[in-house]
Every structure is written in C-alpha cells, then in structure tokens.
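Derivation of every value follows stated rules applied to the coordinates shown; laboratory data play no part. For clarity, every value in this text was computed on a predicted model and none was experimentally measured. Glycine gets a Cβ as well: all are built from the backbone with ideal geometry, and neighbour counts include every protein chain shown.
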Amino acid sequence: MKSAFLDKLMERLDRMDPGSLQTHFLRLAREKGLLETIFRAVREGIIVLDGRGRITYANRAAEQMLGFQADAAAGQPIHRFLREIDWDRLLELDAEEWSRLVAREIEISYPERRFLDFYVVPLAAVADAERGAVVLLRDVTRDREHEARAVESERLNVLTLLAAGVAHEIGNPLNSLNIHLQLIERELDEVPPEQRKNLVELVGVSRREVARLDGILTQFLRALRPNPPNLAPGSVAEVLRETLEFLQHEIRDRDVLVEVEAPDALPEIPLDADQIKQAFFNLIRNAIQAMPGGGLLEIILRETDRFVEIAFRDHGPGIPSGELNRLFEPYHTTRPKGSGLGLAIVQRIVRDHGGQIEVHSEPGAGTTFTLLLPRSGRRLRLLKAPPPEDRVQPAGGAP
C-alpha cells in the first residue's frame, strides 16, 4: 500500500539533493520503525506474503500462534505453517475474486491446539511487483472454550433437574424395596429348610441389585449436584498417598505396579482433601481397569508457576480418538460394566477447585489424565518415601 508521501518522493527522486534525500529516507525509516513497533505489540498475528505465497514479514503474535521464528521463516511458503488453507487455490484467484476479503475460522494443532479467525487481505501490485497479501490471525480459542463450557453448563443444568426427578421417582421405591426384602429375610426363618436355601439366595441377589442401583443413583446425584469444596491448605502428595494406601489390595490383586515420581517439595495448595481423594480414586481405578492383565501405572507430580500438576499414565490399550470428546459426559462409558459417572465426577471436582483436566491417549500406547490444580506460594515438604519393602508391588512381585 502506497502513501501520498511515497508517491511524491518517487516523482521528485531525480531532482533531490543528497541532504533532502537523506532527510526523506530518515523519515521513512522512522515510519517503518513505528509500524514495526505497533505490529510487534498487537495481539493479532500479521503475516505478509509475496505473490507466490512466501513469507516476507511476520510479527511476534504470528510467531507464537504458529510456532516459528520470523527470520527463519522468511522466504518459506506459508503452507508449511498453515496447512489448513488451500493456498494454491487462493493464489490462482482472478483479480475480481482476489479483491474480496477471504475469511474463515480454522483449527490448528501445532504448536498447540488453537482456534483462529483467519483473514486474507489482498495487496495491490506495485509497478512490476507481484500482488501479495496480508494474513491476519486472531486467537479465538478462549471464546470457543467459553462457548463449550456454556453449552456443557446448560446441559448439566438440565440433567440436574432430571436428577431431582430421578431421586424422587427411583430413590424412594428403592428404599421401599430394600425394607421389604429385609422383612422377607426375617420371614424365611419360618420356611422349611429345603426351600429356605433357594429363597435366601434369591433375596440376596435382589438386595445386591437394589444396593447396586442405589449406588448408581448416589453417584449420579454426586456428579450433578456435588457439595461445594471446603478448601483448606493441604498436601497433594499426602492425599495421593492415602488414596494409594486405600487401593493397595486391588492394585496387588490386579498385578499392577505403581510408580510415583515427585519433587522433594511441592507447594501446599487450597483443596478439599475428601473431594480430591475421590478424584484420585476414580482415575486410579480407571487406570487399573484399563490394564486387566496388569501393567505399569505412572503417577507424576510437578509444579509450574500457576499449578500443581498430577498426571496418571496407564499403559493400557488407549482410547479411540472418536471417544475423547465424550469422555466427561455423564453416563458415557467405554466399558461394558462402567457407570459412565466417574470421569464426570472428576471433572466437576477439578473445576470446582478452579483447575483443569487434560487427557491424552494413543491407541495401543495408553492414556494420560492430567489434573492442574491452582497453587499457592507456601511450600510443604513431602513425606519421605516409604522403604522398598512398603512400596506397592504387583502380585507375585518382590516382597
């Protein structure tokens, strides 16, 4: 884009004395420096392309969004960094089509998953130079996340209303059934012995099924209407230790080896120990069940500037990519006997603590769930690691 000043300068260039020429070039340099300062400061990504789609300029925001260095990318075709756009098609547009603004939203996965509003603004050709373009990028990832959370919140509100009806319509009859089954058990003492054994077994099966349904109902209500967390400074490492201790028999019976990797000190963070223990319990049980033949469960604790991170990594079959977006939906499960509520409970607990939960899975290589819990500045020494004989070993392992 040419300015009136630049047009006049080009017309008078042959008639200028060296002093005037120097003055004008200094003015151009100052204007160029001002523009570069502005471009570096704006949050939108700006990329200038030549007529062949090669990068001639990129600002700092574009570098961060697309994961490259402007100096190294100069002269490189833009499709190396933005594969989601058909650049060959764009560069073949005729003059009329090229004069229109091209705009769309794209999703990229490198250097991290982002949603970008993408604009291509055509640049008019100057003299014999090829026409070029300016690519404008705006990161709308947070907007999309807020929209997704709003949709999820609305869905959970609807399910919460449903839960109230479920509690009334199913919970009360279940209690009644359980009471009457207890009364029947008492009456069985009057039944002849040859009939009693079979009836006792049938009543026992009925009571167990009633208890199972009551447990599902309780989990459902807990997932949708949990108590607000009672936050107090606490040690994530201590909560993890207590959870592993509670599950140690199941861990050994399933032939699972648990390895915990943690720094010597972690910050004490605000948490509800009972709720975080429930989240840990659900994730560890999921990992155990993902490895029915036994295997290794890695639990990695670390801290960043904002969070304490707890990663649970199993070495099971992994989760199909098509299932990842539905993992936290209530009642969605990939296991035949799963209730589909465990991960919904974990997500709600973590979010009520102001944290985040991330999942990464590769078919055939296992799954990693990572909890990010907001940290505080105070530090707490971890408990000393137990001696080797007290560490969780797989069944049949070394004592």
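Where in region 28-46 does the amide nitrogen come within less than 20 Å of the point 7 Å from the Cα of GLU84, taken along Cα to Cβ?
Those under the cut-off are 43-46.
Sort VAL151, VAL236, VAL350, VAL308 so that the residue with the fewest other Cβ atoms within 10 Å of its own Cβ comes first and the one with the most comes last.
So the residues, fewest neighbours to most, are VAL151, VAL350, VAL308, VAL236.
Could you order peptides 292-305, 184-197 by the average number of other Cβ atoms within 10 Å of their residues, highest first? Don't skip to the answer; put the middle values down first.
Values: 292-305: 14.9, 184-197: 10.1.
Order by mean packing, descending: 292-305, 184-197.
With a/c under 1.5 counting as rounded, go ahead and sort region 169-317 into rounded, prolate or oblate using the C-alpha gyration tensor (a ≥ b ≥ c being the square roots of the eigenvalues; past the cut-off, prolate if a/b is larger than b/c, else oblate). Let's see the in-between values first.
Values: a/c = 3.41, a/b = 1.99, b/c = 1.72.
Cα axes put region 169-317 in the prolate bin.
Set the Förster radius R0 to 22 Å, insert the Cβ-Cβ distance between GLU209 and ALA148 as r into 1/(1 + (r/R0)^6), and round the FRET efficiency to 0.05.
Values: r = 37 Å, r/R0 = 1.69.
Result of the calculation: an efficiency of 0.05.
Within the set of other residues whose C-beta is less than 13 Å from the C-beta of VAL191, count the net charge using Lys and Arg as +1 and Asp and Glu as -1. Numbers along the way, then the final one.
Numbers: positive: ARG186, ARG196, LYS197; negative: GLU185, GLU187, ASP189, GLU190, GLU194, GLU201.
Here the count lands on -3.
Full extension from SER109 to THR23: what is 0.36 nm times the residue separation minus their Cα-Cα distance, to one decimal in nm?
26.2 nm
Determine, for SER376, SER109, the number of other Cβ atoms within 10 Å of each Cβ, and report the residues in order from fewest to most.
The order, fewest Cβ neighbours first, is SER109, SER376.
Just to confirm a number: summing +1 for Lys and Arg and -1 for Asp and Glu over residues other than THR304 whose beta-carbon lies under 14 angstrom from that of THR304, what do you get?
Residues near THR304 contribute -1 overall.
In nanometres, what is the gap between the two model label sites at GLN182 and ASN198, each 7 Å from Cα along Cα-to-Cβ?
So the label points at GLN182 and ASN198 sit 2.8 nm apart.
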